[in-house]
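Chemist: Below is one structure. I have some questions about it.
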Amino acid sequence: MDWASPEEQYPFVLIAEGDWGLETSMTPPEGFVADQPVLSTQVADTVSALQFTLSDIGSDWTETGITHVITHKGETRIRTSAVPMFNKQPNAEHGNNGDKPDTQKIAGEVKRPLLPSRIIAQLMGMLF
């Protein structure tokens, strides 16, 4: 997720066929706070969304942990993922983390941030 300001929104779009329940929690790294620790909804044959707002209050630019507890037809599934965080705020030196280690590169590979369409595709993959 590219951070262009001290506060960013993390949306999760749900497209459901049938009756689905979703409880999503976020575990931001140190220096970030979420407006809600957990959001939940029931979705039946419709499109819905959940959205968290994270605020930067200190900044450990790593990744945000996401946990989805998904219920459907009496079954419960738990899916976890991590969304990398990139400091693109105007005050960030050279578009990175300033003097802090840059988490965009791990073992020589550049991590690509999840864009909204990729977040939706990832969530859809978890549901089916």
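One line per residue, one yes/no per condition, for (1) among the basic types (K, R); (2) without any contact (Cβ under 8 Å) to a residue 60 or more places away in the chain:
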position	(1), (2)
T24	no, yes
E30	no, yes
A34	no, yes
P37	no, yes
F52	no, yes
D56	no, yes
R77	yes, yes
F86	no, no
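Chemist: Would you kindly identify the strands (runs of 3 or more DSSP E) lying entirely within segment 16-70 that contain at least 1 residues that are surrounded by fewer than 14 Cβ atoms within 10 Å (Cβ to Cβ) and more than 15 Å from the chain's Cα centre (by Cα)?
Modeler: Numbers: elements: 19-27, 32-34, 38-44, 47-56.
So the answer is 19-27, 38-44, 47-56.
Chemist: Same structure, new question: Just checking, how many residues over segment 20-59 are under 18 Å from T71 (Cβ atoms) and polar (S, T, N, Q)?
Modeler: The number of residues fulfilling the criteria is 7.
Chemist: Moving to a separate point now. Got a sec? Which of I57, I78, I70, I66 is out of contact with any Ser or Thr (no Cβ under 6 Å at 6 or more places or on another chain) and closer than 27 Å to P6 by Cβ?
Modeler: Values: I78 fails: closer than 27 Å to P6 by Cβ; I70 fails: closer than 27 Å to P6 by Cβ; I66 fails: out of contact with any Ser or Thr (no Cβ under 6 Å at 6 or more places or on another chain).
Residue meeting the stated conditions: I57.
Chemist: Give segment 1-15 a look and list any residue that's hydrophobic (A, V, I, L, M, F, W, C) and part of a loop (DSSP other than H, G, I, E, B), or say none. Lay out the reasoning, then the answer.
Modeler: Of segment 1-15, the ones hydrophobic (A, V, I, L, M, F, W, C) are 1, 3-4, 12-15.
M1, A4 - these are the residues of segment 1-15 that are hydrophobic (A, V, I, L, M, F, W, C) and part of a loop (DSSP other than H, G, I, E, B).
Rule-based calculations on the coordinates, nothing more; no lab input. Given the structure is predicted, the values throughout are model-derived calculations rather than measurements. Heads up, the Cβs are rebuilt from the backbone with ideal geometry, glycines too, and the neighbour counts pull from every protein chain shown.
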